[in-house]
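Report on the following structure.
Coordinate-derived values only; no laboratory data. Computed from a predicted structure; not experimentally measured. A quick note on method: Cβ atoms are made from the backbone with ideal geometry, for glycine too, and the neighbour counts reach across all protein chains shown.
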């Protein structure tokens, strides 16, 4: 859902991306470092900084692709690295939140499983030649829910994080079902 705004955001970032003359893979790796710092902040109990750093990591995730496109430096390895780093970042953030005691371990495991499965189903479908960026809760939505949950938890109490994780789990598995159905329907025709 939020990915439909990605072209507009990329357009806004284009002037900045044109000025950045470094390999976009470095930006991807910086995004992973920021995600690690987000996880660390969650692990030590700092919801506000954990949420802020999720936003910064997400910004860098958009920026790296914009830099690659604007500087004609798109590579297969860059796309592979970006996708791999996204999975690592998601896992780190969820682990940090669980370790920090903001959600119980079962919600953490289910949120992690749902997030990884959403990505796996897309990758597997696309390996069969079927574009599969469908579904209600892609990565941007899941991270936005966790980030908003962190911010609301600062003011309303940490129980909000459990609600945010339940939403990530439900919407994540719904997205898996949507992608499986989409792939089945595409293969049937």
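Provide the descending list of Cα extents for the range 7-85 along its principal axes, expressed in whole angstroms.
Principal axes ranked by extent give 41, 25, 20 Å for the Cα atoms.
With a point put 7 Å past each Cα toward its Cβ, work out how far residue 99 is from residue 23 in nm, to one decimal.
2.8 nm
Starting from the coordinates of the alpha-carbon atoms of the chain, obtain the Kirkwood hydrodynamic radius over all distinct pairs and give the value in Å to one decimal.
For the chain, inverting the mean 1/r across all distinct Cα pairs yields 17.1 Å.
Please give the FRET efficiency for residue 77 paired with residue 162, using the beta carbon to beta carbon distance and R0 = 35 Å, rounded to the nearest 0.05.
0.35
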